[in-house]
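The values are calculated or read from the model by the stated rules, or taken from the named source; none is laboratory data. These figures come from a predicted structure and were not determined experimentally. Virtual Cβ from ideal backbone geometry, glycine too; neighbours counted across all protein chains shown. Just so you know, the surface numbers come from the protein's heavy atoms only, side chains and all, with ligands and any DNA or RNA stripped out. Shrake-Rupley method; radii C 1.70, N 1.55, O 1.52, S 1.80 Å.
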Amino acid sequence: MKRTVVDKAKDAKDAVVDKAKDAKDAVVDKAKDAKNTVVDTSKDVFEVVKHNPVTDKLKQVLPDPKDLARDALQTGLRVAYQGADKLLPSGATDLLLSGTEKGMDVLAKGSEVVLGKDSGVTDKLQKLADVDLNGINRTKDPVTGQELKADWPGLWSTWLLEEKPKDLGTWTKEGGVDVVTVRDNAYTEDLAGRPHQQAVTDAFFEKFPNPKVGDTFSPNDVNHPDYNAGLYKFTGPGTAEEGSASAKDDKQGAYTSLEWFMGSYHTQVKCTGIDEKTGKPNLEYTVSNKAHFQSGTRVPDSFQKAGLPEYLVPNHDRGEGVGIGGNWQQHYVWTANGVEAPKK
């Protein structure tokens, strides 16, 4: 009897040991499989994005849906967009943007744990996590202290819903593209206060030390050698949040809602007359900017190298396709009288 009990106990012990070993092997195998799955998926992540069903459907449906479908979608989107704007409490957008930033931080940290700090996927997620999304709603320049007056975030709906608000400016056509010439002081004063305009003014006086009526700089022609002198460039490092690895001098990016909407834009300065009292030139400033899908869905260089295209959604004209996000051009025009040349 004792022998039988001992044997049974031994068998039970061996069974427990075997089961424990099997469980351990299963956990190890599962962990290995999980890691391999993550790694394998990470290799294909860019192909998945490139052929994402949403992106593919946008490409298919944007060019040529039926008029009825376009009208229905435009109406529904307009009601949803404007209704959400009214229903959201004050400051809700900032909270949502902050939440998105935190979510990206979590993704980047998770990738670092699973794939390693030097992983290409971790690097790209970290770049996305570093983006200063709150800048989309920022009305005060964290560097210069300039307070914006215009409703720059509101221009997103003008683009997305393909609207033509009369109070924005004068609407015309250029090469079949809708163009608005904005003379609203709120927008032009915001632009006039940006550091880029002073840089272009300095370049104008360097080109024309004693300006005469008609002198213009820089030409609004992308093929002209002086075009870049008037170009403001919206760059990746400028989108970095304070304290991130890509933030310049470890400070918050200087981009406000103005830059987040405009992106890269061009400024042209023209002498329109000489001030009678001071003898100094009167200068007309024209800022030109085009809003379109290819710009809004442009892919960073590092992602392009991993296999993604230059942009995710192609451009289309207003009134075509589903009627969302058609190309439109803006010209912001203002005059400064008796402008003094920079001191050398």
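Write down the percent of antiparallel bridges among all DSSP beta bridges whose residues are both part of the range 143-343, to the nearest 5.
Numbers: 27 of 33 bridges.
For the range 143-343, the DSSP antiparallel bridge percentage is about 80.
Between residue 315 and residue 227, residue separation times 0.36 nm minus the direct Cα-Cα distance comes to 29.3 nm.
What FRET efficiency, computed as 1/(1 + (r/R0)^6) with R0 = 25 Å and r the Cβ-Cβ distance, is obtained for residue 164 and residue 288, rounded to the nearest 0.05? The calculated FRET efficiency here is 0.85.
In order along the range 204-214, phi translates into HN-Hα couplings of 4, 5, 5, 6, 10, x, 10, x, 10, 4, x Hz, rounded to whole numbers, per the Karplus curve 6.51 cos²θ - 1.76 cosθ + 1.60 with θ = phi - 60° and x for Gly and Pro. Per-residue Karplus couplings for the range 184-200, computed as 6.51 cos²θ - 1.76 cosθ + 1.60 with θ equal to phi - 60°, are listed in order as 4, 4, 4, 6, 5, 5, 4, 5, 4, x, 7, x, 4, 5, 5, 5, 5 Hz, Gly and Pro entered as x. What FRET efficiency, computed as 1/(1 + (r/R0)^6) with R0 = 45 Å and r the Cβ-Cβ distance, is obtained for residue 276 and residue 184, rounded to the nearest 0.05? Here the calculated transfer efficiency is 0.95. With contacts taken as Cα pairs under 8 Å at a separation of at least 6 residues, the range 143-343 carries a relative contact order of 25 percent. Of the residues 307, 231, 217, the one whose Cα sits farthest towards the positive end of the charge dipole of the range 143-343 is 217 (charges of +1 on Lys and Arg Cβ, -1 on Asp and Glu Cβ, taken about the Cα centre).
How much of the accessible area of the range 143-343, probe 1.4 Å, is carbon plus sulfur, in whole percent?
C and S fraction of accessible area: 48 percent.
Label reach from residue 151 (point 7 Å along Cα→C-beta): in the range 160-194, amide nitrogens under 19 Å belong to 160-171, 180-191.
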